[in-house]
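Peer 1: Here it is: the structure, laid out below.
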Amino acid sequence: MARIALVVEFTLKPGAHAAFDAVIRDHAAGTLADEPGCERFDVLQPRGADGQPDLSRVLLYEVYADDAAFQAHTQNPRLARTRAAYADLIEGRRIQVCAL
């Protein structure tokens, strides 16, 4: 069974970085604590060309043991609550599901 990697890129609304960061880091910690199939959940802060944090974007890198673990994550009520919590903070989201 192949491990599943998830790469998510968020584009944030101006001024929303601090609130979004708090929501998504809480979600990452909860996922790692409560979902045994989640092997990794990193919140990444891209840098701009000037080397400073690009506060308009946040990336996630998640690794799940297999497709069943990934499906369990998508069905976890925490995910729906998290998406509702950040809905007004983002302009867009792009998700890539990858075999690892």
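The values are calculated or read from the model by the stated rules, or taken from the named source; none is laboratory data. A quick note: this is a predicted structure, and the numbers were derived from the prediction, not measured. Note: ideal-geometry Cβ built from the backbone for every residue, glycine included; neighbour counts use all protein chains shown. We work out accessible area using only protein heavy atoms, side chains counted, and drop any ligands, DNA or RNA first. Shrake-Rupley method; radii C 1.70, N 1.55, O 1.52, S 1.80 Å.
Peer 1: Compute the signed sum of charges (Lys and Arg +1, Asp and Glu -1) over the other residues within less than 15 Å, Cβ to Cβ, of Ala65.
Peer 2: Surrounding charge for Ala65 is -4.
Peer 1: Note down the net charge around Gly92, summing +1 for each Lys or Arg and -1 for each Asp or Glu among other residues with Cβ under 11 Å from its Cβ.
Peer 2: Combined, the nearby Lys, Arg, Asp and Glu give +2.
Peer 1: Accessible surface of Cys98 in the full protein assembly, 1.4 angstrom probe, to the nearest 10 Å²?
Peer 2: Roughly 50 Å² of Cys98 is accessible to a 1.4 Å probe.
Peer 1: P(r) of region 1-59 in 5 Å steps, Cα pairs, percent per bin?
Peer 2: 4, 16, 24, 22, 15, 11, 6, 2, 0
Peer 1: Nearest 10 degrees is fine. How inclined is helix 17-34 to the longest principal axis of the chain, computing both from alpha carbons?
Peer 2: Its long axis makes an angle of about 10 degrees.
Peer 1: Ignoring ligands, DNA and RNA, what percent of the 1.4 Å accessible area of the chain is carbon and sulfur?
Peer 2: 54
Peer 1: Å³ per residue of the Cα convex hull, for the chain?
Peer 2: 94
Peer 1: Averaged per residue, what accessible area in Å² does the chain show with a 1.4 Å probe, protein chains only?
Peer 2: Normalised by residue count, the accessible surface of the chain is 57 Å².
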